Amino acid sequence: GIFRVPSTVAAEVGTVGAIALLWVIGGGGALFGALTIAELAVLFPRSGGIYVFLREAYGPLAAFLFGWSWFFIRSAASAGTTLVFVAYLGTFVPLDEFGQRVAAVSLVVLVGAANYRSVRLGAAIQDASTVAKVLALLATSAVVFALGRAGGGALAGPPALAPAELGGMGVALVAALFAYDGWIAATLIAGEVRDPQRALPRALAWGAAIIVATYLAINAAYLYALPLAELSASKAVAVDAVTRVAGAGGAAVIAALVMLSTFGGLNAGLMTGPRVYYAMAEDGLFFRRVAAVHPRFGTPHVAVAVLVALTAVNASVRTFEQLAEAFVLLLYPFLALTVAAVFVLRRRRPDLPRPYRTAGYPLVPAVFLVGTVAMMVNALVERPAATLLGAGIVAAGVPVYFAWRPAGHRSPARPDAGA
């Protein structure tokens, strides 16, 4: 998201000061959410993450509605990431609209096959692409500040602080949260993490903090290189920023790193997302076949195939903006419920051992909840159709849940899939 979303943010808020504030707010939300949900991840280190936390706090209906919505949430996020890859691919291979869609679907199938084959292979891809992401961000920042002209971008004059309109801040926050969403994925594979009591809190807290700092630096570089009008119109902002200061040769290097990075972002989604379907099937709330673990590869291969198919459909027909908006507006109400579950479980089940307790409790989770509610109210005002569509998707899951339960699909849970 950080290689595409800054243009959307700039278009919505319209001033340098508001852009900086927006990324700080989004980063604070990611950090506060990660610090809170880490407590739940340590309490219930099982595959499925948020699905498991909601089930333990509120019961099977809330968990099912998240799992039902996850079909749309995860496939939207992964498809959006794929479209960012394709946008930067255009630096090397000119593609028309049809060619872009074909490239997007082909990439989804390729990465899905890697995760179908091996969790270790998916993890290796993730390690390599994470290095590429950091290199792309640091290289872009370094090149822009080293070679750019002080008066060439939006930082040339005194920065305006107030946003063009207040409602635009909320809309821009929805876009920014798409870029910050990676911390959520770590909870989904908690059942396959070694020493989760130590590893998960550190990964969530430090990962979120490092990303906040990195995103602020790269946005400063974008603003240093590009005027606001160009930033707002860009579809490949890292390439446009480096082209402005270093020419096409430097931009090609950055584009290649961005492609590797977004390849990794897609890989992360297709690796962690199927664990929700797996957990649902374990509880008898989805087809048992989806919980199957491949006898040779040790992966939830059917769940991987389901997510790949849904992602390919989304990448074929929707725009990046539509996908990012759908992802955030569907996910964040469930994140708010999950954060609230820390309060619920401390009251209902105080006897549970808690090797990690939320830092800054109760202020940190309370701030996250207030901010999420404010964002959703603003989205209802500014983007009523998309917000109501999300609510409709969730509501449609209620009759499905009650129709499924008497159908005799329930079955005892089995141990989590290993890797």
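Averaging the sequence gap over all C-alpha pairs within less than 8 Å and six or more residues apart, then dividing by the number of residues, gives the stretch 24-171 a relative contact order of 9 percent.
Tell me the per residue accessible area of the chain using a 1.4 Å probe; a whole number in Å² is fine.
Ligands and nucleic acids excluded, the result is 39 Å² per residue.
The distance between label points at R288 and L388 comes to 4.2 nm (points 7 Å beyond Cα on the Cα→Cβ vector). Per-residue surface analysis assigns D283 an accessible area of about 40 Å², computed on protein heavy atoms at 1.4 Å probe radius. Extension gain for R405 to R194 (0.36 nm times residue separation, less C-alpha to C-alpha distance): 72.6 nm. Once the convex hull of all Cα atoms in the stretch 5-91 is built, its volume per residue stands at 139 Å³. Annotation: peptides 379-386, 294-301, ranked by per-residue average of other Cβ atoms within 10 Å with the highest first, follow the order 294-301, 379-386. Shown are E192, E282, whose ranking by accessible area with a 1.4 Å probe and every protein chain present, most to least, is E192, E282.
Under 13 Å from a label point set 7 Å out along the Cα-to-Cβ vector of A162, the amide N atoms of the stretch 1-18 belong to 15, 18. The alpha carbon centroids of the stretch 155-226 and the stretch 1-43 are separated by 4 Å.
In a simple Cβ point-charge model (Lys, Arg +1; Asp, Glu -1; nothing else charged), the stretch 94-245 has a dipole of about 400 debye relative to its Cα centre. In this Cβ point-charge picture (+1 for Lys and Arg, -1 for Asp and Glu), the chain has a dipole of about 1220 debye about its Cα centre. Placing unit charges on the Cβ atoms of the charged side chains and taking the dipole of the chain about its Cα centre, the candidate lying farthest along the positive direction among P362, L331, A20 is P362. Quick one: helix 301-317 against the long Cα principal axis of the chain, what's the angle to the nearest 10°, folded into 0 to 90? Once rounded, one gets 40 degrees.
Would you work out the charge dipole size for the stretch 1-120 about its Cα centre, treating the Cβ of every Lys and Arg as +1 and the Cβ of every Asp and Glu as -1, and quote it to the nearest 20 debye? Walk me through the intermediate numbers first.
Numbers: 7 positive and 5 negative charges, 80 e Å.
Dipole about the Cα centre, nearest 20: 380 debye.
Here the accessible area is traced with a 1.4 Å probe on the protein chains. For the chain, carbon and sulfur cover 69 percent of it.
Ranked by the mean number of other Cβ atoms within 10 Å of their residues, highest first, the peptides 56-68, 4-16, 30-42, 346-358 fall in the order 30-42, 4-16, 56-68, 346-358. Apply 1/(1 + (r/R0)^6) to the Cβ-Cβ distance of V377 and R296, taking R0 = 60 Å, and write down the FRET efficiency to the nearest 0.05. Plugging the Cβ-Cβ distance into 1/(1 + (r/R0)^6) gives 0.75. On the beta carbon distance between L21 and L147, with R0 = 30 Å, the FRET formula returns roughly 0.60. Sorted from greatest to least, the principal axis extents spanned by the alpha carbons of the chain come out as 66, 45, 41 Å. Among I125, I218, the order of accessible area from largest down is I125, I218, computed with a 1.4 Å probe on protein heavy atoms.
The values are calculated or read from the model by the stated rules, or taken from the named source; none is laboratory data. All figures in this text were calculated on a predicted structure; none of them were measured in a lab. A quick note on method: Cβ atoms are made from the backbone with ideal geometry, for glycine too, and the neighbour counts reach across all protein chains shown. For accessibility, only protein heavy atoms count, side chains too; no ligands or nucleic acids. Shrake-Rupley method; radii C 1.70, N 1.55, O 1.52, S 1.80 Å.
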